[in-house]
Amino acid sequence: MLTLFPTMRICADALCDIAYTALAGALLNRLWLGRVSICDRPLRISLIACSAILLVDLPLQFLLLSASMIGDTSWRDAWGAVLDVGATHSGRAVIMGYCFVPCLLLFSFLPTSLKRTKSVLIGIALEVGFIACRALHGHAASNGDFTLREGIQFLHLSAIATWGGGILVAGLITIPYLASIAELGDIVQFGKRLSETVTIALAVVIPSGIYNSWEGLGGSLSPLPNSAWGRMLLLKLSFVLIALGHGVRVRFLLSTQDPWTQSRTSIMQKWVRAEALFILLVLVCSAWLANLPPADI
Amino acid sequence: MDQLKATFRPVVFLFSLMLTVVPSALAHAHPKTMVPAPDSTGPAPSKISITFSEAVEPKFSSIKLTTIEGKPADPETSAPVPGDPTTITLAIPSLPAGTYVVHWVDVSVDGHRLQGSYQFTAR
C-alpha cells in the first residue's frame, strides 16, 4: 500500500496536466474553427470531460499531497492532516486552482448562442487563472512566491497548454472530425491557424523550458545523465523533439502551393495525431519531473 | 473506436513501462548545514540547527534528539527561525556528555518530504 502513493501522485499529476492542457486546446480549437460550427459538439464534450476530470482529480491530488507531507503512512492519516495541509504553500495553491474548476465546468455548459470569440475568451481567462495557481505549485515555488522562476514557470505552462493542448485536441478530435464531414478549404484554414498559433507558443516553450531545465540542473550539464531528474528530462526532451519534428512536417505540408487533396488531408491527420501522442508522453514526463528531486540538490 | 484504441495503445504501454520504475523516495529539500555537524565531537551545544536547501513547511518539519539507545533526550519541540524559512532549530537546555542522534524531517514548500538522522558526541 505504501509504495502506491508515489505512483498515484505521478498518475494524478499527469491526469491533471493532460486535462487542463486539453481544456486549453478545446478552447483554442473553437477559436481557430472560426465560423465552422460543425465541431462544436465534440469540443464541448471535451471541455466538460476535462473540467469533470479536474473536479475529481484535484481533491485526490490534495489528499496525496497530504499523504506525502506526513510520510505516506495511510489514507486515514492523510485525511487527518488535510486541514494543516490547507495552510501550507502547496495546499493553498491546489485549493486556489480548484476554485477555477467549477467555473470552467459551468462555462462549458454555456449556450453556443453566446458570441463565440467572447465566450472562448472567458474560458481562456479562467484557464489562465488555473495555470497561474498551477505555477505556484512545484519546484518553481522553492525560491518563494512572485519570483522570476514562478513567472517563467507560468509562461512555460501557458505556452505548453497552447501548443500541447492545441495539437492534442486537433490531432485526436477536431481534424479527424473535420476530415469526415468538412470541406477541404475549412481543414486547410484550420490547419494554418493551428500552425501559426503553435509556432508562437513554441517561441515561448523553448526558452522557458531551457531556463527551467537549467534551474533544475543547478546550472550544470553534468547531472543530465547522472541523476534521475536529468535522465527524465532527457526522455522528455526526446519526446518534445519527435513531436516538433512532426509539427515541422505539417507546417511544410500546409505551406506548399499545390492544390489541397484528400490524400494530403489524410497525411496531415496522421502526422498531427502522431504529434498529439508524443505530446501526451511529454505531459507524463512533466508530471514525473515534478515528483522527482531536481538535480540541483 | 478501434482506431482510437490503436492510437492510445503505445502511449498506455509506454506509461505503464515508465511507472514500473518509480523511485520510492520523492523528496526535495535536503539539509545543507547542520549544527553541530554530523559525526562531530565537541562541547554540549545549546541548540541544534539545520538549514535546508530550500524553504520548508514549519508545521510538517521537525528535529528530535534521542540518545544512541533511542530514548528522547530533549523535551523541547523544534521551531522555525523567524525570517528564515529554510532553517529549523531545537533548543537544548542542558545535555550530559554522550553520543546523541538527531532525527530530522522536512517537507519542502512543493510538498515533498524527506527524513534522516545523524550522530554527534557531546563532551
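Please go through segment B:93-123 and give me each residue that is outside any strand (DSSP E or B), under 19 Å from B:Ala44 (Cβ atoms) and open to solvent by less than 10 Å² (accessible area, probe 1.4 Å), ordered by number.
Matches in segment B:93-123: none.
Within segment B:50-79, restricting attention to residues that are assigned to a strand (DSSP E or B) and touching a Lys or Arg at 6+ places or on another chain (Cβ under 9 Å), which residue is nearest to the other protein chains (Cβ to nearest Cβ)?
B:Phe52
Considering only residues of segment B:81-92 that are crowded, with 17+ Cβ neighbours inside 10 Å and within 13 Å of chain A (Cβ to nearest Cβ), which is modelled with the highest pLDDT?
Here the residue is B:Thr86.
Given the conditions (1) without any contact (Cβ under 8 Å) to a residue 12 or more places away in the chain; (2) within 23 Å of B:Glu54 (Cβ to Cβ), which single one is not true for A:Ile45?
Every listed condition holds for A:Ile45 apart from (2).
Hey, any hits in segment A:171-179 for a residue that's surrounded by fewer than 20 Cβ atoms within 10 Å (Cβ to Cβ), of a type outside the set (Ser, Thr, Tyr) and within 14 Å of chain B (Cβ to nearest Cβ)?
Looking for residues that are surrounded by fewer than 20 Cβ atoms within 10 Å (Cβ to Cβ), of a type outside the set (Ser, Thr, Tyr) and within 14 Å of chain B (Cβ to nearest Cβ), one finds at least one in segment A:171-179, hence yes.
Pairs only if they're at least six apart or on different chains, beta carbon under 9 angstrom, first in segment A:25-42 and over 13 Å from A:Glu183 (Cβ atoms) and at pLDDT below 85, second in a loop (DSSP other than H, G, I, E, B) and polar (S, T, N, Q); list them, first residue then second.
Matching pairs, first to second residue: A:Ser37/A:Thr112; A:Asp40/A:Thr112.
Which numbered condition in (1) within 16 Å of A:Gly171 (Cα to Cα); (2) surrounded by fewer than 24 Cβ atoms within 10 Å (Cβ to Cβ) is the only one that A:Ala22 fails?
(2)
The values are calculated or read from the model by the stated rules, or taken from the named source; none is laboratory data. These figures come from a predicted structure and were not determined experimentally. A quick note on method: Cβ atoms are made from the backbone with ideal geometry, for glycine too, and the neighbour counts reach across all protein chains shown. We work out accessible area using only protein heavy atoms, side chains counted, and drop any ligands, DNA or RNA first. Shrake-Rupley method; radii C 1.70, N 1.55, O 1.52, S 1.80 Å.
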